[in-house]
Amino acid sequence: MSYTNIINLDQAPLAKSVFYGGNAGAKEAVIYEHAIWMLKYPKSTRDLRNPQVSYTTSPLSEYLGSKVYEVLGLPVHETLLGVRKGKVVVACKDFTKTIDMGSTFTDTSRLVLFHDIKNSFMSSDVESYSGSGSETLLQEVLDTIAGQEDLKTTPGVAERFWDMFVVDAFIGNNDRNNGNWGLLWDMADGSTSLAPIYDNGNAFFNKRSLAQMEKRLADKLLMEEDACKTLTSAYKYVGLDNEGHHINPFTFIESRAEKDCTTAVSRFLDRVCMNKIECLINSVPENIGTLGVMPMVQKTFYLGLLKIRLEKLQELA
């Protein structure tokens, strides 16, 4: 894989009539290198109680999280790190569209969210099944993967789910909700396939300040807490109180409750190369002119978390 080159996207023209949803910050569709790209801007964390303006590092997290998936050899959307309107942005290539020489784009496939697939599925256990596409109870998700016809006939769905579960634990992505993965429906022949892995912007503690990172780097216990103990998954289990509680992925992996999850850990350990991941993170510049991109303390913090998590996964395996 190639390492980080910051692209100036100020001159990239807008792609007319292309819009993207989601709540993770402003998004624009632009044309760059004869393709449609979705640009994600950092989201302001300012609110009425805390009027000081600051921004998440979600574009950097999306870029790094996606590139880690790429290092691991898993199908992932193509991303670039860039600058536009004085902000660090991530450009995510739209894998549902092609563009011709006249800059006219065509929808070649449609992304079908797991949320919508689950919303259409009725479990045989109708008394306990929520029937909600948004509900991330792990058993409901697994029941849908095993029982919904389009998922059953698409190769590799269960394997992809557990690969994402393990890699998201490694990169600290706690937002693999039911809208953040799915199938591609080919508009020419009606076939379905797994969509590339996308939406990794909640990885790497994107709201953590540099001062908080420095504090944790100076305290081994705080680093271990951040790395494994306080991390939660988007998926939930039903507790004794009959309420849904978010799963700690490392506790779940240790339980060996799902054989497919244990197998996914082995696949991950066969694929991972920390030297490549270190080169990736260290290749991101600290600054572009006067604009901060990724200070050294941030690189050290991220690499520290990844090494602790890798050691934990090796121990659990």
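The values are calculated or read from the model by the stated rules, or taken from the named source; none is laboratory data. All values derive from a computational prediction rather than experimental measurement. Counting neighbours? That spans all protein chains shown, and the Cβs are built from the backbone with ideal geometry, glycine included.
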Inset, instruction - May I ask you to verify whether K97 is in contact with a helix residue (DSSP H, G or I) (Cβ under 9 Å, 6 or more places away or on another chain) and not aliphatic (A, V, I, L, M)? - result: no
Inset, instruction - Report the residue count in segment 96-114 for those that are among the aliphatic types (A, V, I, L, M) and in a loop (DSSP other than H, G, I, E, B). - result: 1
Inset, instruction - State which residue pairs qualify: first residue under 15 Å from L111 (Cα atoms) and inside segment 84-98, second residue part of a strand (DSSP E or B) and among the charged types (D, E, K, R) in any location, beta carbons under 8 Å apart, and separation of 6 or more residues or different chains. - result: C92/K40; T96/D107; T96/R110; K97/D107
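Restricting to segment 165-194, count the residues that are among the hydroxyl-bearing types (S, T, Y), more than 27 Å from S266 (Cβ to Cβ) and in contact with a Leu (Cβ under 7 Å, 6 or more places away or on another chain).
Our first condition is that a residue be among the hydroxyl-bearing types (S, T, Y); within segment 165-194, this holds for 191-193.
So of that shortlist, the ones also more than 27 Å from S266 (Cβ to Cβ) come out as 191-192.
Next, from what is left, pick out any that are in contact with a Leu (Cβ under 7 Å, 6 or more places away or on another chain): 192.
So the count comes out to 1.
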Legend entry - Those residues of segment 35-72 which are assigned to a loop (DSSP other than H, G, I, E, B) and at pLDDT below 80, in sequence order: K43, T45, R46, D47, L48, R49, N50, P51, Q52, V53, S54, T56
Legend entry - Those helices (runs of 4 or more DSSP H) lying entirely in segment 119-232 with at least 3 residues without any contact (Cβ under 8 Å) to a residue 12 or more places away in the chain and over 24 Å from L74 (Cβ atoms): 210-217, 220-224
